[in-house]
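The values are calculated or read from the model by the stated rules, or taken from the named source; none is laboratory data. Worth saying up front: this structure is predicted, and the values here are computed from it rather than measured. Positions of Cβ are backbone-derived with ideal geometry, glycine not excepted, and every protein chain shown enters the neighbour counts.
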Amino acid sequence: MGFETEFNSICKFKNEQELYEVLEYGRGKLRKDGFRIFPTGQKAIAYTPDNRAIAIVLITASIAEINFQGQEITQVELDLVRKLTEEEVRVLTALGQEMFFAE
């Protein structure tokens, strides 16, 4: 059992429903496997499941827990700051690919 830090300023959604809730309602939750530390109060670039930059979000809470199935999970509560412009999407998607998602 250990914590993994997420101090880079990205937040990648692996679930389309979680992303939809943030974009549609202005707030939502992101679920990650394992214990992680997301710095509350920090803004981050949100990425879609296919690694496309889409918005700026504010991390409002980070809750690490063991669920009823015994799995270590972290739930992150997010507020939508704003959607990105097409130019920002293009630049930040390319940057994210180079810095975070390339193998």
Note on segment 45-103: residues free of Cβ contacts under 8 Å to residues at least 12 places away in the same chain and in contact with a Pro (Cβ under 7 Å, 6 or more places away or on another chain) are none
Checked segment 24-54 for anything crowded, with 19+ Cβ neighbours inside 10 Å and either under 14 Å from A94 (Cα atoms) or hydroxyl-bearing (S, T, Y) (or both); matches are I45, A46, Y47, A53, I54
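Hey, among the residues in segment 68-98 that are of a type in the set (S, T, Y) and either under 17 Å from K14 (Cα atoms) or buried (at least 16 other Cβ atoms within 10 Å of the Cβ) (or both), which one's modelled with the highest pLDDT?
Only one residue fits best here, namely T93.
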